[in-house]
1. Rg and Dmax of the stretch 452-515 over Cα atoms: what are they, in angstrom?
2. Sort out for me the Cα centre separation of the stretch 444-514 from the stretch 216-249, rounded to whole Å.
3. Filter the chymotrypsin sites (Phe, Trp or Tyr not before Pro) in the stretch 80-162 down to the DSSP loop ones having no more than 15 other Cβ atoms within 10 Å, then list what survives.
4. Using a simple spin-label model with points 7 Å from Cα along the Cα→Cβ vector, what separation in nm is obtained for residue 484 and residue 442?
5. Give me 532, 555 ranked fewest to most by other Cβ atoms within 10 Å of their Cβ, as a rough exposure proxy.
6. How are the alpha carbon pair distances in the stretch 595-653 distributed across 10 Å bins from zero to the largest one, expressed in percent?
7. Could you give the C-alpha radius of gyration of the stretch 203-245 expressed as a fraction of 2.2 N^0.38 Å, taking N as the number of residues it contains?
8. Could you state the angle between the C-alpha long axis of helix 2-12 and the longest principal axis of the C-alpha atoms of the chain, as a value from 0 to 90 degrees rounded to the nearest 10?
Amino acid sequence: MPADIYARYLRSNGKDVAFVCGSDEHGVPITIRAKKEGVTPQEVVDKYHEIIKKSFHDFGISFDIYSRTSSSTHHETAADFFTKLHAQGEFEVQESEQYYDEKNNQFLADRYIIGTCPNCSYDQAYGDQCESCGSSLSPNDLKDPRSALSGEKPIKKATKHWYLPLDKYETWLKEWIVDGHKDDWKSNVYGQCKSWIDQGLHPRAVTRDLDWGVPVPLDEAKGKVLYVWFDAPIGYISATKDWAKENGKNWEDYWKGENTELVHFIGKDNIVFHCIIFPSMLKAEGSYILPENVPANEFLNLEGDKISTSRNWAVWLHEYLEDFPGKEDVLRYTLCANAPETKDNDFTWKDFQARNNNELVAIFGNFINRALVLTKKYYDAKVPARGELFEIDEEVISKIAEYPTKIAASIEKYRFREAMSYLMDLARVGNKYLADTEPWKLIKESPERVETILNLSLQLAANLSILGKPFLPFTMDKLQNMLAFKMESWSEAGSVDLLVTGHQMEDPSLLFDKIEDELVAAQVQKLEDTKKQNEMENHVVAPAKSEIEFDDFMKMDMRVGTVTAAEKLKKSKKLLKLSIDTGFDERTVLSGIAEHYQPEDLVGQQVCLLVNLKPRKMMGIESQGMVLMVEDKDGSLRLVQPNEAVNPGAGIS
Ligand SMILES: [Zn+2]
């Protein structure tokens, strides 16, 4: 979204733009999915590339090319890049011991090694990360490592790899970023870079033992491919090559030209690759320009939780369009208004609805609709003439003149939320102008006043249609169709002579319409269902315990008792203090069920009780026994009870 707004803005300013992107197709998870589904990695990436490409297209992301790293242009470009660095002696060769699966005769990528997390003991942690506690790991950290391919214990085997000595670029990176971009890079980006550089950089392997990726172009590197972090950013170059070829351009103008500015739009998890590693590669190669800026965003969460495609905690674009046909711009608007430009932010369906109903419908849409409907009614949809101007008109004219520069300045500083809020402010100016002048009341006694008011309102609408295009392209096309006006050039905005007197417009229709509560509730429900399903799927039934002797069981004295009193403990969220009639005594038992039962609901209930458990003091109270509970999948606790009432003290066996 930010990249699209920026690219559209630059184009409307007559700049020569190459807006390139592509699918990064050499990740190890792709090969794992392929194995799981019994297909080739190529089949996996073919499927997803088309889905992703279509989604971007459907939401008006105006890439000049959306390419992919499994393309032949990319394989050639990435291999050439390696060859050049290799010939220049930029790599170091190192031998190391790595995990090897003897059954499958292959080295294991980090993701292919599963073992027990040293931090949380989760036994399905990957060699690069534990998905249970989130800590990042290296394969050697795992206890009981095993191969994800064969399940066997891997051996350690020596292997040779090529490394980019990032430590050699430390001094240069300090000058270029820490000293050179202190003021023009966003503080979140600058801060992350500085902390990486301050911690010291180390050589990083650019090759690995895997059969999916760009083969290392050296005879002595059979069976090795380029590491995905090395090949993926080169994808921007290969995409530009393909685009240039199809459009009669020279790709080198865009990557090596002095007047070209390279800007990367990414998320914060990619900052190190785009600000430190890729620039070091470009610097090592020597003939490329470096990024001018990397305005990375923080993370956008969904309803308070981290977005995860594997957990289906996501809003799928194609599903969105099924549920909200024709509302591409409402999502674009909400995403831009909530863009995590300076800190993590949250997308909620409630906010989506509010932005649509209170802003797009009530402000932008309302202004346009009133201006066009009144013009249709009074002047048969022809632009009326402007007459004598009063102070209130002059104010509107000065706002129209001022906003294009104001919005542009924010876009050029990569402050897209601010830019779009100014766009809405300009729509508010129009709304207020109509509310203050009330042309529908003036039409009888001063019709020439109404002509001026509607002329200015329509000029404002035409200005909005140019300035709003980067943010809301679908709606602005619709608006320009209604105005019978075609204009993309930013420099034309600011004028009140965009529409000539007598210009015939089309019949108006609504730009936005209200989103009802039911539609939003259905989306929230969909996420609730996902959450429930995830909980069920993640639930692991505890493994069976080891065998015990009958005598061990017989040592336990379990009885049915009746709860005679129950109260909450002031200092504890979990514990309830129960008085229980066991048939032979009345005793106090503390039970961790305060979050699952109200005290008053327990009085009179029969419970199963381990009565000969050694008394234990908790929160200053002695607990004499233990109430038996069952814990369900979702962690909720339920009492174990006889299915019919029995006498207190009845034994359980
Ligand atoms: Zn862990």
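Read-outs: derived from the displayed coordinates by stated rules, not from any lab. Just so you know, these numbers come straight off a predicted model, no measurement behind them. With ideal geometry, Cβ positions are generated from the backbone for all residues, glycine too; neighbour counts draw on all protein chains shown.
1. 11.6, 36
2. So the separation of the two Cα centres works out to 46 Å.
3. Details: sites: 81, 82, 91, 99, 100, 107, 112, 122, 126, 162; in loops: 91, 122.
Qualifying residues, ordered by number: 122.
4. Between residue 484 and residue 442, the simple spin-label model gives 2.5 nm.
5. Values: 532 12, 555 9.
Ordered from fewest to most neighbouring Cβ atoms within 10 Å, 532, 555 come out as 555, 532.
6. Going out from 0 Å in 10 Å bins, the stretch 595-653 shows 18, 44, 36, 2 percent.
7. Details: Rg = 12.1 Å, N = 43, 2.2 N^0.38 = 9.2 Å.
Rg over 2.2 N^0.38 Å, computed on Cα atoms: 1.31.
8. The answer is roughly 10 degrees.
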